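Below: the structure, in structure tokens.
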Amino acid sequence: MNRHPRCNAEQHRLSRRRVLQGALGLCAGAWWGLRHRGLSAAFAAEGKEPPRQVLFVWLDGGLSQLESWDPKPGTQFGGPFRAIATSVPGLHICELLPEMAKRMHHVAVVRSVSTKDNSHSAGVPRILRGDPKNRGVVYPYLGSAVAKLLGPCPSGMPPYIWVKPGSGGFIDKYAGFLGPKYGALALGEGRPPQNLLPPKDLPEQDLHDRHRLRRLVNRHFVAGRNAQINDAYEHAYHMAQALMSRRKLFDESTISDEERDRYGRTQIGQHMIVARRMLEAGARFVQVTSYGWDTHGDNFLAHRSLVPKFDRALAAVIDDLVASGRIEHTLIIAMSEFGRTPRINGHVGRDHWPEAWSVLTGGCGLQRGAVIGATDQQGVFVKTEPYDIGHLFHTWFTALGIDSQHTEYDNNGQPLPIAHDDCFPIKELLG
Amino acid sequence: MTTKPEKKAADAAEAFRQRWTPKLTGRLEPDRQIARLRFTPCGKFLLGGGYDGTVWRWQYEEPPQEENAKQSEGKSRRRGVPEAPWRPLERFKSHGGWVTALEVHPQGGIAFSADSWGRLCAWGYEGPQEPKPRWQQPQAHDGWITDMALSPDGRHLATAGVDGTVALWETGSGKLLRRLEGHGGSEVLAVAFHPRGDAVVSGDLFGRVLHWEFPSGRKVRELDASALYKLHRLQDCGGVRVLRFAPDGKRLAVAGTRPNNGATIQGVPTVLLFDWESGKPHAELSLGPKNECFVCDLLFHEAGFLAVATSGTPGTGRLHLHREGEEKPFFTARGPINCHALARHPKWPLLVVAGTNSGSNGNGRQLRNGKYVGNHSPLFFFQWASEG
């Protein structure tokens with residue numbers, strides 16, 4: 001038998017399928033009937049501080065800062081929309097965000113983000129990895145980083161859940177040098193992994209036998225192979241177990257019409273409900289991705305269609321996080337890989353603009369109602385101290401209770417900083 | 001082998017093409033982008049609604065004598081095209097956001113303009129001084145006014161807005177006559193008056209065209225132009241962008257794009273021609289590949305063709321002249337790209353189109369002489385030999 005440490009693609013595919021199938025089938029019965037219990041209540045009862053969590057909203061392609069958090073109405077590049085007042089005196093945002101305008105006192109906006117890449121292919125990974133100094137290794141995306149640095153919550157839920165359009169599955173490619181174990185469990189269209197439930201007519205004993213068989217086969221499979229990969233298989237198996245114990249999280253009949261309306265009956269609205277449920281169940285890092293924000297053409301009517309849907313969903317989840325008190329320990333981030341050009345092209349679109357853009361963040365002790373930094377009168381360049389993504393990573397790690405300037409990854413003995421060495425936490429955002 | 005009737009038809013088509021192929025005779029270079037163009041009925045003024053929240057004004061000036069023209073030719077030509085003899089005047093500056101709708105009273109003297117912040121103004125366009133509003137409605141709509149249309153007698157004005165309504169106004173006083181709310185809250189992107197003056201049509205983002213009786217405001221029927229709409233991912237794409245009646249009122253052109261995808265939107269620029277009597281579509285014009293995207297403006301010419309301005313991926317989008325009943329445009333202008341607005345002179349065989357400068361797009365910091373520069377809309381003047 002080929003004992004190459006990295007199995008070939010066919011072995012990989014089949015083995016993972018076997019593992020997952022076995023796992024999903026075997027453990028369902030054992031967890032049958034268990035009920036989800038709210039984490040906050042559990043921790044309050046035990047007198048412990050609730051674990052810190054992250055809600056990460058990724059608007060893939062590039063939200064226009066001018067049509068969102070940093071409007072410049074009446075200027076050359078300001079576009080057609082008005083600015084509206086918010087719940088923070090003196091702070092105005094684009095009229096396309098009426099719901100968030102009422103809730104800006106809960107969060108903060110950084111208007112002086114200035115990054116380096118103006119292409120998606122380079123910009124997305126660079127932003128999501130925090131753009132650390134190049135040390136010849138592939139850094140993890142933020143979700144994998146948080147999963148590693150904070151570990152899973154005590155709930156046993158998967159630490160990194162990704163609610164996304166399209167297909168789901170266990171996606172390990174963004175974990176970088178941390179290894180596949182720190183990948184994301186993707187819930188395609190917000191739905192649970194396929195075959196989560198065992199067949200109804202499968203006896204308990206059969207499940208048990210299959211479990212034993214899986215362990216036996218797995219031990220045989222592991223010998224001489226990459227331990228990291230097997231580790232990831234085991235991890236995926238345990239995640240499946242954890243999810244099976246909370247099947248009701250995916251029971252759509254438990255979502256009321258009122259709740260669906262409040263979040264908006266849109267893809268992002270319904271996905272945000274799933275994300276909130278995952279946070280409530282104890283996932284450490286939950287990412288919600290919305291695709292289709294790369295508005296090189298028809299930018300303004302596109303943003304008029306897109307932004308209010310995002311606005312409604314984000315406002316609703318913030319309301320719920322505030323009402324439950326979870327905002328105190330849940331870090332909220334809403335961002336893209338860059339902003340959009342002030343200049344309006346012939347397709348009435350805006351192109352990619354990393355020079356000066358905005359990020360919305362809040363919760364987990366970050367300053368409420370803060371406006372960090374400013375752009376110039378035309379919204380072209382940052383006129384205050386510019387902050388790179390490294391500064392934001394430092395700030396977010398700090399808010400999560402991680403000493404971002406002294407904590408290091410251990411990459412097989414190689415110490416690696418968790419955020420860019422030359423950046424630092426944004427003090428005025430931390431308060 | 002070509003038959004005699006086919007040859008006769010081909011010869012007639014070729015004669016038509018030669019007769020109605022215009023020549024590019026002039027160009028203007030406003031330094032901002034222009035969303036709408038209109039000539040005044042006297043033909044002496046050209047107005048342009050800008051992304052800078054102003055209405056640009058140009059006044060026609062007799063070209064200099066032939067000798068002077070020859071002397072100045074070198075200076076005023078741009079890419080081989082002479083500067084059009086239209087002198088800029090003080091702009092109308094009472095708007096905010098973008099000026100997105102513009103019409104001129106058929107008896108002349110008064111222009112009506114509307115902006116993306118919801119303001120509607122009436123103002124006198126003559127005179128060298130900066131014009132002031134005769135009346136204005138600061139909140140004519142809640143936000144972006146996307147289009148307007150005048151009744152044939154000039155006594156009434158219809159406006160369309162992203163607030164989902166159509167508003168009918170008295171042009172003399174600016175008084176609101178009626179607000180029509182049948183679009184279910186969807187953005188209304190286009191509006192037109194029937195040449196008989198007894199009907200208004202309005203088109204929305206979802207491709208619905210509503211026929212309203214005028215002046216009662218009663219909804220009569222709905223025409224289906226949903227081919228111009230698509231939900232892609234989270235984005236509602238396309239919609240009815242232009243509505244125009246043929247001069248005889250027998251056909252209604254409903255135009256936009258057949259959307260393929262959102263974000264960097266792609267789609268085929270499309271005109272759906274409806275028979276007004278029956279309300280049924282009888283022809284569809286596809287005016288380019290899917291990256292050419294939108295029909296932004298169009299007008300009917302009584303000779304039997306449509307002038308259509310299209311715009312898509314930067315560098316695409318043209319002025320097309322399309323004879324009804326034919327498969328392809330008989331003329332596509334080579335000069336203008338990303339065309340957004342059209343206007344036809346009321347007296348001369350002249351058509352002006354607002355394009356976009358080349359190189360209008362690009363990611364990241366692109367400085368010219370150390371400055372970050374916006375785009376603009378060159379105006380291209382096309383002339384026919386004479387009106388038929």
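Observations on the model:
- Convex hull volume per residue in cubic angstrom - Cα atoms of segment B:84-165: 104
- Dipole magnitude (debye, nearest 20) for segment B:245-346, charges at Cβ of Lys, Arg, Asp, Glu: 280
- Tensor-based shape of segment A:141-182 (alpha-carbon gyration tensor, a/c under 1.5 rounded, otherwise prolate or oblate): oblate
- Dipole magnitude (debye, nearest 20) for segment A:342-431, charges at Cβ of Lys, Arg, Asp, Glu: 480
- Largest GNM mean-square fluctuation across B:Phe16, B:Phe274, B:Phe305, computed for chain B with C-alpha springs under 10 Å, falls on B:Phe16.
- FRET efficiency, 1/(1 + (r/R0)^6) with R0 30 Å, evaluated for B:Gln129 and B:Asp248 via beta carbons: 0.15
- In straight-distance terms, cross-link reach from A:Lys248 covers every one of the lysines whose alpha-carbon lies under 22 Å from its own, apart from those fewer than eight places away in the same chain; here that gives A:Lys164, A:Lys200.
- Cross-link pairs exceeding 28 Å in C-alpha to C-alpha distance, out of A:Lys133/A:Lys309; A:Lys133/A:Lys427; A:Lys309/B:Lys328; B:Lys250/B:Lys328, comprise A:Lys133/A:Lys309; A:Lys309/B:Lys328.
- With both residues required to sit in the protein assembly as shown, DSSP beta bridges show an antiparallel share near 85%.
- Ranked by the mean number of other Cβ atoms within 10 Å of their residues, highest first, the peptides B:338-348, A:51-61 come out as A:51-61, B:338-348.
- This ranking places A:Ile93, B:Ile265 by how few other beta-carbon atoms lie within 10 Å of each, fewest first, which gives A:Ile93, B:Ile265.
- Assuming charge only on the beta carbon of Lys and Arg (+1) and of Asp and Glu (-1), the dipole of segment A:132-231 about its Cα centre is about 440 debye to the nearest 20.
- Extreme residue, positive dipole direction of chain A, given options A:Pro50, A:Phe381, A:Ser336 (C-beta unit charges): A:Pro50
- For chain A, share of DSSP beta bridges that run antiparallel, in % to the nearest 5: 50
- For B:Lys219, a cut-off of 13 angstrom between C-alpha atoms picks up these aspartates and glutamates, skipping any fewer than 8 places away in its own chain: B:Glu181, B:Asp198.
- Extension reserve of the B:Glu181-B:Ala283 stretch, reckoned as 0.36 nm per residue once the Cα distance is removed: 33.8 nm
- Relative contact order, whole percent, for chain B stands at 12, derived from Cα pairs under 8 Å and 6 or more residues apart.
- The GluC sites (Glu not before Pro) of segment B:147-190 that meet both conditions, a loop assignment by DSSP and at most 15 other Cβ atoms within 10 Å of the site Cβ, are B:Glu181.
- Structure remark: mean-square fluctuation, Gaussian network model of chain A, C-alpha springs under 10 Å; the largest value among A:Arg368, A:Arg82, A:Arg126 belongs to A:Arg82.
- Reach of B:Lys93 by Cα under 24 Å, taken over lysines that are not fewer than 8 positions away in the same chain: A:Lys72, B:Lys44, B:Lys132, B:Lys175
- For chain B: Kirkwood Rh in Å [reciprocal of mean 1/r, alpha carbons]: 21.5
- Its relative contact order, with pairs defined as Cα atoms under 8 Å and 6+ residues apart, puts segment A:299-431 at 19 percent.
- DSSP beta bridges in segment B:238-318 [antiparallel fraction, %, rounded to 5]: 95
- Global geometry of segment B:240-388, whether rounded, prolate or oblate, following the gyration tensor of its Cα atoms and the 1.5 cut on a/c: oblate
- Farthest positive-ward along segment A:185-289 dipole, Cα basis, beta-carbon charges - from A:Tyr237, A:Leu187, A:Thr289: A:Tyr237
- Cα gyration tensor category, rounded, prolate or oblate, for the protein assembly as shown with a/c compared to 1.5: prolate
- For segment B:249-255, Karplus couplings with θ = phi - 60° (6.51, -1.76, 1.60), whole Hz, Gly/Pro x: x, 8, 10, 10, 8, 10, 10
- In this structure, B:Thr25 and A:Arg265 have a Cβ-Cβ separation that, at R0 = 51 Å, corresponds to a calculated FRET efficiency of about 0.40.
- Largest GNM mean-square fluctuation among A:His296, A:His220, A:His208, using chain A with Cα springs under 10 Å: A:His220.
- Taking amide H as placed 1.01 Å from N in the peptide plane, the amide H of B:Val373 sits under 5 Å from that of B:Arg368, each at least 5 places away or on another chain.
- Normalised contact order of segment A:173-246, rounded percent, pairs of Cα under 8 Å and 6 or more residues apart: 48
- Counting 0.36 nm for each residue step from B:Asp275 to B:Asp224 and taking away their Cα separation leaves a gain of 17.1 nm.
Readers should treat all values here as calculations from the given coordinates under stated rules, not as data from a laboratory. Treat the numbers as computed from the prediction; the structure is a model and nothing was measured. Glycine also receives a Cβ, built like all others from the backbone with ideal geometry; neighbour counts cover every protein chain displayed.
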